[in-house]
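The next block holds one structure in the form of structure tokens; read it before the comments.
The values are calculated or read from the model by the stated rules, or taken from the named source; none is laboratory data. Since this is a predicted model, take the numbers as computed values, not measurements. Cβ: placed from backbone, ideal geometry, glycine included. Neighbour counts: every protein chain shown. Surface accessibility is based on the protein's heavy atoms, side chains included, excluding ligands, DNA and RNA. Shrake-Rupley method; radii C 1.70, N 1.55, O 1.52, S 1.80 Å.
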Amino acid sequence: MALLSKEPLGYGNTRIAAGIKVHPGITAGDSENLFYEDMLAGGEYLNNPRLARIVAKESRLSSQMLESFGYTFRRDDEGLISVKVARRSGGHSLIRSLVPFPYGGVPIGSALRSAGARGQWDVFEEVVVTRLLTEGNQIRGLVLLHTKDGTLEVIAAKAVVLTTGGAGWLYYPHTDCSRVCTGDGYALALNAGAELVDMEQVQFIPFAVTHPRSLAGMIIGDPAAAGPHGRLLDKDGNVVATEINVMTRAQVAVIISREVERGRGAAHGGLLLDLSPNFASEIGRRYLAHAHTNIAGLNVVKRAYGPQAFKCEEPWEVLPSAHFIMGGVVIDEWGRTSVKGLYAAGEVAGGIHGANRLGSVALSDILIFGRRAGEDAAKYAAGADAPLKRADDIDLEHERISQWHAKRGARPVQLVRRLQTSMWTNVGLVRDQDKGMRALSEIDSIEAESAEMGFRGRPGYCTDLQDAFELAFMLQVARATARSALERRESRGAHARSDYPMRDDKNWLANIFVRGVGKSMLTAVRRSAAASEAIAGIRRATS
Amino acid sequence: MDTVTIEVIRYDPTQDAEPRPQRFVVPTEKGATVQQALMHIYEEQDSSLAFRCGCRYRYCGLCALEVDDKPCLACLTPLKDGQVLKPLRHLPVLRDLVLDRSWVFDTMRNLQLFIPEMEYEELPERIFEPEEHKRLMQCTECLACLATCPYYDYRDASFGGTYTFVKLAQLHFDPRDQTDRVAQARKLGVERCAACRKCQCPLGVPAWKSATSVLLKHASSRRD
Ligand SMILES: Cc1cc2nc3c(=O)[nH]c(=O)nc-3n(C[C@H](O)[C@H](O)[C@H](O)COP(=O)(O)OP(=O)(O)OC[C@H]3O[C@@H](n4cnc5c(N)ncnc54)[C@H](O)[C@@H]3O)c2cc1C
Ligand code: FES
């Protein structure tokens, strides 16, 4: 067995997360069912109900997993995990999210890293998996690039579990995600023959920094960060929205982007989030007194906007920022994909969160499905035949690299930046038919140019080389996202279309599937398995 | 457009006998950081420049380097005219500003820098996490502290260095851990740290106060 990572082990978005983690059942009246219903309602019924049910059931178990790795949740005065160290995170109907002190991602990352050192498996740090090897519809290994010295290696494997995280970097600089989140796993899965679901559902965290450039895109917080009385203002100080803290991330992101598109944006293209009305009431003041735990990015605010802003006395300019990919590789309860021996878990997997992920659930989901996929993969591998390596397994990578060294076209990073600009403009906060078509034609044109891209080869730590492999992945993910966004002719969850501004339950309680690569990529629409729950849920809400 | 001139200490082990300085003129603006300058150089001026960048703000610790001889994080350091950028001293350099970090994981394995495996039912429900533990767990593992430690050298296995002492102290304060971390620290020469106190963390993790000095105190009290 081997663990592989593009960075040192235990990094990725997990290490930079705020560390707020759902732990249902600590508030009186909470239940597995209620949490499940919140997930489905928040996800606007695109969730795979079986996967959401598992998250509802096993979230508490995943907290134990994390502590068994060496993480410590914040405790109350009695040394216990309780509602006293929790808060209501965006989209949850009650308090069930544990809040770390002072920032939880770093110790979670360290704990996972330590646990990674505990077993006797092989560890490959700083490697980019460039391709999965298959035989028919079955995994037989993978190819990887060592970034340290530029060498390639083949690993024969009966099973591969993708835990490659999301693709927020497709929207740089409008993202708070780590540089490594280039969506490699989605593309690796597509290339191997697996299917993706609902890739149009890209979560934008509504409040992120707009300037200075060095901090643009960094997370301030989700709707709950507004506190009970926070409001959004346009450039002239007109109130655009109040009672923000009960809205979903998607709702707030859409409000901001619609105003900005109408030309109501402030100096750096965002709206103004004004927390000062909270000073006027008792509960507001109580909220602000704990601003440092309530607002994940308060220290970013201080750095970007200064001390007055930090005290919540001045409004903050905010713009949504790509934060999480709800869509992803289609999996079953054990993380299995349609390719034998290929598994996916964590953000790279799709279907769990539907059209909107509730705050603090990702850090449960990644552990729950990581464990399930790992267990099943081990069982599967025990019974599978030993995979064969072939002499020509690395030829494709060698060929690609020597082409890149020979050619003199654009550098990969230039094409990456072009793609990111197009994704933000055309498949960003608010989409429409024309934008979608423009995105696809830009993807075609970048793909064509990438056939000529080139750079000087150099042994060891060659960033151009990593960029080149990642660009190929990003193009696939961009295409899957744009195709799915064009397909969904309604607005639902994180997907907002100006030409179809309403949610359309009659036609679109349905998932969008993507298969295949490049221009032969195919989409298919199937009725959502949560559709019947949706109808029941809607009936409950209206009765 | 406003610009500043900075110097980057470059090193390519396949070509250079010694590290060599190179000057770059880069654009600047209000709030510009060293990281922004490095990204600009890579994208617009010199594709061979190697540096690490992870999260762009504070949490991954991968961008640590020295600016004007001071260990810091590139993403948090304001860009200024005349700055000199170097890789962290005392550590192995792969290329330019990029350190070889592979030894860190080996150290974690060799010193067993993790709590023991436990069944979930065996995990304590009630935990009173010491304040020191909370603070030490904010260590991003950026390794900048090792560049402030006068005794540390990656080639010298007899001395642990700040980072390792912080990891040992994290476990020392962890109620779930069973191993004698003080004995490990002693074996790794923590007693050399007496009367030094030069270790510093760019993010303010109390490496001396809550880690090295604590291990040292316990180690010294066991001397006889
Ligand atoms: C700023 C921020 C704050 C957040 N805060 C919270 C929070 O408080 N609570 C919450 O629940 N969620 C939060 N999230 C979401 C959550 O952090 C992520 O969804 C989650 O960490 C994803 O975990 P993962 O293991 O799937 O992927 P990651 O942790 O991103 O790990 C992916 C790993 O795969 C590796 N990899 C990728 N491609 C390859 C390849 N080709 N070859 C080899 N390795 C590869 C990467 O190097 C990386 O190590 C936050 C997200 C962000 C960006
Ligand atoms: S880039 Fe992550 S800490 Fe600087």
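Side notes on the structure shown:
- Filtered residues of the stretch B:157-185 (kept if closer than 17 Å to residue B:99 by Cα and open to solvent by 10 Å² or more (accessible area, probe 1.4 Å)): none
- Number of the condition not met by residue A:334 [criteria: (1) within 19 Å of residue A:221 (Cα to Cα); (2) assigned to a loop (DSSP other than H, G, I, E, B)]: (1)
- Residue tally, condition open to solvent by less than 30 Å² (accessible area, probe 1.4 Å), over 30 Å from residue A:147 (Cα atoms) and hydroxyl-bearing (Ser, Thr, Tyr), over the stretch A:7-31: 0
- Residue in the stretch A:366-373 that is over 30 Å from residue A:68 (Cβ atoms) and touching a Lys or Arg at 6+ places or on another chain (Cβ under 9 Å) present: no
- Boolean, residue B:209 is in a helix (DSSP H, G or I), at pLDDT 95 or above and either on the phi > 0 side of the Ramachandran plot or surrounded by fewer than 18 Cβ atoms within 10 Å (Cβ to Cβ) (or both): yes
- Between A:34, A:4, the distinction of being in a helix (DSSP H, G or I), more than 17 Å from residue A:369 (Cα to Cα) and either within 16 Å of ligand 2 (Cβ to nearest atom) or open to solvent by 30 Å² or more (accessible area, probe 1.4 Å) (or both) belongs to A:34 only.
- If you go through the stretch A:1-41 and keep only what is touching a helix residue (DSSP H, G or I) at 6+ places or on another chain (Cβ under 9 Å), of a type in the set (Gly, Ala, Ser) and within 13 Å of ligand 1 (Cβ to nearest atom), you end up with A:5, A:10, A:12, A:17, A:18, A:19.
- The residues of the stretch B:132-166 that are within 14 Å of chain A (Cβ to nearest Cβ), in a helix (DSSP H, G or I) and in contact (Cβ under 8 Å) with a residue 60 or more places away in the chain, listed by number, are B:132, B:135, B:136.
- Qualifying residue in the stretch A:512-522 (condition: within 14 Å of chain B (Cβ to nearest Cβ) and part of a helix (DSSP H, G or I)): no
- Within the stretch A:375-406, tally of residues that are at pLDDT 95 or above and either in a helix (DSSP H, G or I) or closer than 29 Å to residue A:482 by Cα (or both): 20
- All of A:106, A:128 fail the test of being buried (at least 19 other Cβ atoms within 10 Å of the Cβ), closer than 29 Å to residue A:9 by Cβ and more than 8 Å from chain B (Cβ to nearest Cβ), apart from A:128.
- Condition check for residue A:290: touching a residue at least 12 places away in the same chain (Cβ under 8 Å) and loosely packed, with under 15 Cβ neighbours inside 10 Å: no
- Whenever a residue of the stretch B:94-113 is farther than 17 Å from residue B:166 by Cα, its partners that are acidic (Asp, Glu) and surrounded by fewer than 16 Cβ atoms within 10 Å (Cβ to Cβ), lying with C-beta atoms within less than 7 angstrom and at least six residues away or across chains, give the pairs B:94/B:100.
- Screening residue A:393 on (1) open to solvent by less than 20 Å² (accessible area, probe 1.4 Å); (2) within 15 Å of ligand 1 (Cβ to nearest atom) shows it passes everything except condition (2).
Yes/no matrix, rows are residues, columns are (1) open to solvent by 10 Å² or more (accessible area, probe 1.4 Å); (2) away from ligand 2 (no atom under 16 Å from the Cβ); (3) at negative phi; (4) not hydrophobic (A, V, I, L, M, F, W, C):
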| position | (1), (2), (3), (4) |
| --- | --- |
| B:60 | no, no, yes, no |
| B:68 | yes, yes, no, yes |
| B:72 | yes, no, yes, no |
| B:78 | yes, no, yes, yes |
| B:93 | yes, yes, yes, no |
| B:102 | yes, yes, yes, yes |
| B:117 | yes, yes, yes, yes |
| B:127 | no, yes, yes, no |
